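Below is one structure, written out as structure tokens; the observations come after it.
The values are calculated or read from the model by the stated rules, or taken from the named source; none is laboratory data. Everything quoted here is computed from the prediction, not taken from an experiment. For neighbour counting, all protein chains shown are included, and Cβ atoms are generated from backbone atoms with ideal geometry for every residue, glycine included. Heads up: the accessible areas ignore ligands, DNA and RNA and are worked out on the full protein's heavy atoms, side chains in. Shrake-Rupley method; radii C 1.70, N 1.55, O 1.52, S 1.80 Å.
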Amino acid sequence: MPIHAGLSKAREPLLEKLTVSKARGIKVIVSMIGLDSHTTGAQVVCALLRDAGFEVVYLGVNQTPAMIVKAALEEDVDLIGISCHASNFALIEELMELVDQNGLADVPVICGGHVPPAQVARLMSCGVARVFLPGSPGDEIVDYLVASARKSERDAQL
């Protein structure tokens, strides 16, 4: 049985509340950074975002900050989502520097995972837009991403 066999059933109440069209056209990268190989949370979030209408580019594991920024530029994404665990926080700080250096300061970087409170503050201080901890409600994640996406900013300017 696949690891996510019960996932669709668990998402049903959330999916009833979502308006799929509100995220249509918003493109997000989801990736693990460095040697982080904890994929389950990122895969669940990818499924949630796809169900909500996001276009999701899943980079998977073993991505460097430079690889993530290169993909963000090539894919012209509206958000960058990073699964963060353990000791990869310095790599996220490096990612934030590269995001700024490559003209992507208007692309919010969102992190999720088991992050100690002191690290949450550190990540936010280096420019991470939001950190979602385990147990964050799916509709809260979706609503925040819809409101924060670069595409939302582009649409507001039209």
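Quick notes
- Using only side-chain charges placed at the Cβ, +1 for Lys and Arg and -1 for Asp and Glu, the dipole size of the stretch 43-158 relative to its Cα centre rounds to 240 debye.
- For N88, no residue has an amide H sitting under 5 Å from its own, ignoring neighbours fewer than 5 places away on the same chain, with H placed 1.01 Å from N.
- Where the stretch 40-97 is the region considered: accessible area per residue in Å², 1.4 Å probe: 40 Å²
- Carbon and sulfur %, accessible surface of the stretch 31-118 computed with the full protein complex present, 1.4 Å: 56 percent
- Whether the stretch 28-158 is rounded, prolate or oblate, judged on the alpha carbon gyration tensor where a/c under 1.5 counts as rounded: rounded
- What the phi angles of the stretch 113-128 give under the Karplus curve with 6.51, -1.76 and 1.60, with θ = phi - 60°, is a coupling list of x, 7, 10, x, x, 5, 6, 4, 4, 5, 5, 5, 5, 9, x, 4 Hz, glycine and proline written as x.
- Segment A121-L73, extension gain: residue separation times 0.36 nm, minus the distance between their alpha carbons: 14.6 nm
- Given charges at Cβ of Lys, Arg, Asp, Glu: the stretch 28-151 dipole, positive-most of A52, G34, A129: G34
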